[in-house]
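Structure record follows, encoded as C-alpha cells.
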Amino acid sequence: MAEIRVRNLPDWLVEWYKDSAEQQGTTLEGYMRQMLHQLALSQQSAFAAELQQGLDQLAQKYSAMPDSTSLIREMRDERG
C-alpha cells in the first residue's frame, strides 16, 4: 500500500482530527484513512449520479435504441 505525508498543517487542525479519532475510538491514522476513503467514495458516487442523469436525459430525448443484434447476425450470415 502507498503512504502519504502531509506537512505544514495548522496545529488546531491536527488536534481537531486527533479529537475526532479519539471520539471514534481509533487512531489518527485510522481515522484519516477512513475519512479519505469516504471522501473518495462520495465523489465517485456524485460523479456516477451525474453520468446517470446525463444518460437519462439522452434516453428521454432520443428514446431507447432498438437491439440490433439480430440484424447484425443476419447481415453476417448473408455474407458468409
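Miscellaneous remarks
- The helices (runs of 4 or more DSSP H) found entirely in the chain include none that carry 3 or more residues being among the hydrophobic types (A, V, I, L, M, F, W, C) and in contact with a Lys or Arg (Cβ under 9 Å, 6 or more places away or on another chain).
- Test: Glu29 is acidic (Asp, Glu) and modelled with pLDDT under 95: no
- Within the range 7-20, residues that are closer than 10 Å to Tyr31 by Cβ have Cβ atoms under 7 Å from residues that are surrounded by 10 or more Cβ atoms within 10 Å (Cβ to Cβ) in these pairs: Tyr17/Leu28; Tyr17/Tyr31; Tyr17/Met32; Lys18/Leu28; Ser20/Tyr31, counting only partners at least 6 apart in sequence or on another chain.
The values are calculated or read from the model by the stated rules, or taken from the named source; none is laboratory data. Just so it is clear, the structure is predicted and the values come from calculations on it, not from any experiment. Counting neighbours? That spans all protein chains shown, and the Cβs are built from the backbone with ideal geometry, glycine included.
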